[in-house]
């Protein structure tokens, strides 16, 4: 390594330490900060708590420091809230103050520094992007208009990706061996791996170390450019060619991307915004696939499968396949969906929030541009607020929690967030999950692989999303009607 570079690095670290100490003392005098472990210069609490700030580790810290605590991760402030009243404060009461998004160096790349809808700051651009993205994609009317297509896909659970692509682009993948599907799945997987990794934390927490991330960030740029080119060449340009052969009036619009391209033609958004909307949809699609793919809890509880199967057979009749309107007549199925989302949320800490200016929360001062996390998983799994939360027990949503819904009406249960920055995709995810789970249980007895009595459901955390550590093969034994 170049000695001059090392010398400059050491001088920079010393200067950063002096600045960090000075800023900390000045900030401490101005704001009454939330409690938390004592930080050290430059590194803050990073060396104490490590990289893996998953929902369970943060829940353990909440039990030690309280419902609100502060971690200094290098030069970044991380505030974690772990109670329903504070979640309401962040997401609703002070929803404007905490309505922006914080991005790290990798998410800056994958979102074009906030040109998308999910990770942009709160303001006019976000409102415009949310309207353009929601109206053609995440409404009850869209669910009904496209339900025949995604109900057909539910018969082939391996092709859950086709659900979203049918609505978005009016096209589907023919099989799991479709070359475009395989390429897209591989690129989405690589994007997820790079974004969710903890490998780049050191360069994000301590900017002077960022030069060591050049190789990692270059790979991120390459993956981003490859994905966006694929979106443009295989989806956007195809729809534009089709649109040029027919009148683009409201009656002629067939799918969501037509509405979005129309907004571009009107000058409301540019082509980059369109591409990053497609990027957001791809990430949301992965979350839906993960939700359906998490069959472990149902496989490990044969009695729940049997109870759900009896409800389906009683209400619909043996052999009659479930459709979306049927889900409203199947309370136990709805309870199974809710319990799946409670026990294993796709985004257990929700998407991070940020305050652009100094703010106050629970009597504490929150420094400007703090990363604010709501530990939604802990809210829904706190034994002080739920009966036997460690159990997969759908009955809770028919008994003591029968009034709790997935739309944020109870701040103990926030699978899609709440209020301004909630995930609009819950409107689509709930019926897709209901129909897919219903058809699986209707048509198959789901069992662990031979020689196993359970499926391993150990979790693997990431920067903010949750996955199963080891995906297991399960036995799907066809039912005889």
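What the table shows:
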item: Filter result (touching a strand residue (DSSP E or B) at 6+ places or on another chain (Cβ under 7 Å) and in a loop (DSSP other than H, G, I, E, B)) within the range 371-407; result: 375, 406
item: Filter result for residue 128 (surrounded by fewer than 20 Cβ atoms within 10 Å (Cβ to Cβ), free of Cβ contacts under 8 Å to residues at least 12 places away in the same chain and either assigned to a helix (DSSP H, G or I) or at positive phi (or both)); result: no
item: Residues satisfying the stated conditions in the range 31-62, i.e. in a loop (DSSP other than H, G, I, E, B), farther than 16 Å from residue 74 by Cβ and within 23 Å of the chain's Cα centre (by Cα); result: 54
item: Any hit, the range 215-231, residues being under 19 Å from residue 260 (Cα atoms), out of contact with any helix residue (DSSP H, G or I) (no Cβ under 6 Å at 6 or more places or on another chain) and either without any contact (Cβ under 8 Å) to a residue 60 or more places away in the chain or surrounded by fewer than 16 Cβ atoms within 10 Å (Cβ to Cβ) (or both); result: yes
item: Filter result for residue 393 (free of Cβ contacts under 8 Å to residues at least 60 places away in the same chain and either under 16 Å from the mean Cα position of the chain (by Cα) or within 30 Å of residue 480 (Cβ to Cβ) (or both)); result: yes
item: Test set (1) crowded, with 20+ Cβ neighbours inside 10 Å; (2) at pLDDT below 90; (3) closer than 22 Å to residue 423 by Cβ - residue 296 fails condition number; result: (3)
item: The range 91-109: number of residues that are closer than 30 Å to residue 212 by Cα, crowded, with 16+ Cβ neighbours inside 10 Å and out of contact with any strand residue (DSSP E or B) (no Cβ under 8 Å at 6 or more places or on another chain); result: 6
item: From 140, 123, 112, 189, residue being within 21 Å of residue 356 (Cα to Cα) and surrounded by fewer than 15 Cβ atoms within 10 Å (Cβ to Cβ); result: 123
item: Residue in the range 133-144 that is without any contact (Cβ under 8 Å) to a residue 24 or more places away in the chain, closer than 30 Å to residue 328 by Cα and assigned to a helix (DSSP H, G or I) present; result: yes
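For every residue, the table says whether it meets (1) without any contact (Cβ under 8 Å) to a residue 60 or more places away in the chain; (2) within 24 Å of residue 55 (Cβ to Cβ).
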{"position": "81", "(1), (2)": "no, yes"}
{"position": "103", "(1), (2)": "yes, yes"}
{"position": "106", "(1), (2)": "no, yes"}
{"position": "152", "(1), (2)": "yes, no"}
{"position": "173", "(1), (2)": "yes, no"}
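The values are calculated or read from the model by the stated rules, or taken from the named source; none is laboratory data. What you are looking at is a predicted structure, and each value in this text was computed from that prediction instead of being measured. Positions of Cβ are backbone-derived with ideal geometry, glycine not excepted, and every protein chain shown enters the neighbour counts.
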